[in-house]
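**Q** Dumping the structure here so I can ask a few things about it.
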Amino acid sequence: IYSIKIDGSNKKCILKEESAFINIYNDKLYFKNEAEDGSLCSTELDGTEMTEILPYNVSYINVYKNKIYFSNKSDKNRLYSCNLDGSDLKCLSNDNVANLNVANNKLYFKDITERNQIYSIDIKNCP
């Protein structure tokens with residue numbers, strides 16, 4: 001992961017680990033750490049203080065209102081949520097999900113097993 005100014009100057013590496021599904025929330029980076037079997041991790045914006053939040057292989061990470069939503073590849077790509085520190089882990093759907101996006105208290109996702117149908121859930125009503 002690199003940081004760079006808008007004009008393209010001052011490019012610097014802040015994290016050498018191969019990463020995916022990067023989110024910035026409350027001055028932290030949340031991402032999938034490909035170097036550690038796809039675990040859910042966070043760091044400070046400068047790349048320091050890397051923490052493994054969950055040891056599961058995750059995808060399609062979305063951070064919204066102090067929750068992390070993701071597809072849990074370690075559990076058949078089911079839809080999960082947890083707090084920013086990994087506590088309160090919950091399975092929200094048994095569907096095989098991909099392409100998560102959260103907006104206006106709704107979580108949108110594609111169900112891969114249902115011919116890629118798109119669904120939404122109101123996250124205010126999630127357990």
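The values are calculated or read from the model by the stated rules, or taken from the named source; none is laboratory data. Predicted model only: the values in this text are computed from it and were never measured. Cβ coordinates were reconstructed from backbone atoms using ideal geometry, including for glycine residues, and neighbour counts include every protein chain displayed. Just so you know, the surface numbers come from the protein's heavy atoms only, side chains and all, with ligands and any DNA or RNA stripped out. Shrake-Rupley method; radii C 1.70, N 1.55, O 1.52, S 1.80 Å.
**Q** Can you give the charge dipole size of the chain about its Cα centre, rounded to the nearest 20 debye, using +1 on the beta carbon of Lys and Arg and -1 on the beta carbon of Asp and Glu?
**A** 440 debye
**Q** Using a probe of 1.4 angstrom, how much of the accessible area of segment 57-106 is carbon and sulfur, in percent?
**A** Of the solvent-accessible surface of segment 57-106, carbon and sulfur hold 35 percent.
**Q** Kindly write out, for segment 71-85 in residue order, the coupling ³J(HN,Hα) from the Karplus curve 6.51 cos²θ - 1.76 cosθ + 1.60 (θ = phi - 60°), rounded to whole Hz, with x marking Gly and Pro.
**A** Calculated HN-Hα couplings, in order: 8, 8, 5, 6, 9, 6, 6, 6, 7, 10, 9, 7, 6, 4, 9 Hz.
**Q** To continue, here is another question. What ³J(HN,Hα) values, in whole Hz, does the Karplus curve 6.51 cos²θ - 1.76 cosθ + 1.60 give for segment 49-57 when θ = phi - 60°, with x put for Gly and Pro?
**A** 6, 5, 10, 7, 7, 9, x, 7, 7
**Q** If you don't mind, there's one more thing I want to ask. Tell me the per residue accessible area of the chain using a 1.4 Å probe; a whole number in Å² is fine.
**A** Spelled out: the 1.4 Å probe surface of the chain, per residue, equals 58 Å².
**Q** Taking the Cα atoms of segment 1-100, report the difference between the largest and smallest coordinate on each principal axis, in whole Å and largest first.
**A** 45, 23, 23
**Q** Could you derive backbone 3J(HN,Hα) for segment 88-100 from the dihedral phi with the Karplus parameters 6.51, -1.76 and 1.60 (θ = phi - 60°), listing whole Hz in sequence and x where the residue is Gly or Pro?
**A** 3J(HN,Hα) across segment 88-100, in whole Hz: 6, 5, 9, 8, 9, 7, 8, 5, 8, 9, 8, 6, 6.
**Q** Right, something else. For segment 1-42 and segment 47-114, what is the separation of their Cα centres, given in Å?
**A** 17 Å
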